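Comments concern the structure below.
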Amino acid sequence: MKYNSVFDIIGPVMVGPSSSHTAGAARIGKAARNLFGKQPTWAKIHLYESFAKTYRGHGTDFALVGGLLGMETDDPQISKSLELAKEKGLQVEFIEDSASANHPNTVRLIIGDDKEQQELMGISIGGGKVEITELNGFELRLSGNHPAILIMHNDRFGAIASVTKILAKYEVNIGHMEVNRKDVGKEALMVIEVDQNVEDSILQELQAADHIISIAKIVS
């Protein structure tokens with residue numbers, strides 16, 4: 001991940017103490033909530049490496065939960081998110097996972113409600129910047145710093161073209177795009193980072209495109 005300015009290194013406006021362990025964690029939590037599309041009622045949070053060792057002292061616990069509650073990094077209520085989660089009916093379990101990870105600030109969020117669940121892996125790379133590296137078993141590379149559309153679709157000819165044609169019609173510029181599939185002809189995941197937030201009406205049109213199963217978005 002490249003830094004564009006000195007402010008990326010210093011970090012975002014936030015409730016401390018750490019841009020990596022607090023601000024980054026909050027952004028991972030909020031990305032998980034946005035992709036889930038609603039408030040989860042339970043969360044199992046697996047912490048690895050440095051996150052597992054310091055999450056209480058560095059505020060990673062309340063930052064992740066604050067993100068799951070939809071809070072921004074500078075929300076003054078974020079330090080009270082563990083108590084607020086109980087009030088809102090969000091049951092949280094923290095698991096200090098001993099498995100190795102490719103990055104010391106790694107977390108796996110398994111969240112859900114009584115109908116469905118979602119699994120996401122994220123890393124905090126410093127300065128409040130994050131990467132989402134896995135979603136429901138699909139490998140991906142998503143910064144969380146730009147608006148994005150995640151499209152689950154059948155691995156069929158024309159699926160990608162049908163999506164890009166609609167985005168072009170509404171002059172939505174694609175900054176980064178990747179497609180990952182588990183097997184030929186099965187489900188695939190299209191990840192598209194764009195330059196502006198996409199209107200819900202466009203998402204509805206995308207949902208009706210060829211071979212599309214489901215759509216989620218991350219707003220800036």
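The values are calculated or read from the model by the stated rules, or taken from the named source; none is laboratory data. Note that the coordinates shown come from a computational prediction; the quantities given were computed from them, not determined experimentally. So basically every Cβ, Gly included, is an ideal-geometry build from the backbone, and we count neighbours across all protein chains shown. For the accessible areas, the whole protein counts, side chains as well, though only heavy atoms, and no ligand, DNA or RNA atoms are used. Shrake-Rupley method; radii C 1.70, N 1.55, O 1.52, S 1.80 Å.
In table form, for the structure just shown:
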| read-out | value |
| --- | --- |
| Filter result (over 19 Å from the mean Cα position of the chain (by Cα) and open to solvent by less than 50 Å² (accessible area, probe 1.4 Å)) within segment 60-84 | L84 |
| Inter-residue pairs, beta-carbon under 8 Å, first acidic (D, E) and in segment 143-155, second open to solvent by less than 10 Å² (accessible area, probe 1.4 Å), 6+ apart | D155/A188 |
| Residue that is nearest to N102 (Cα to Cα) [pool: residues in segment 135-188 that are assigned to a loop (DSSP other than H, G, I, E, B), open to solvent by 20 Å² or more (accessible area, probe 1.4 Å) and among the small types (G, A, S)] | G137 |
| Among residues of segment 203-212, those that are assigned to a strand (DSSP E or B) and open to solvent by 70 Å² or more (accessible area, probe 1.4 Å), counted | 0 |
| Pick from segment 42-51, criterion modelled with pLDDT under 95 and in contact with a helix residue (DSSP H, G or I) (Cβ under 9 Å, 6 or more places away or on another chain), ranking: nearest to T22 (Cα to Cα) | F51 |
| Residue that is surrounded by the most Cβ atoms within 10 Å (Cβ to Cβ), among those in segment 19-58 that are hydroxyl-bearing (S, T, Y) and part of a helix (DSSP H, G or I) | T22 |
| The lone exception for K217 - which of (1) part of a strand (DSSP E or B); (2) modelled with pLDDT of 90 or more it fails | (2) |
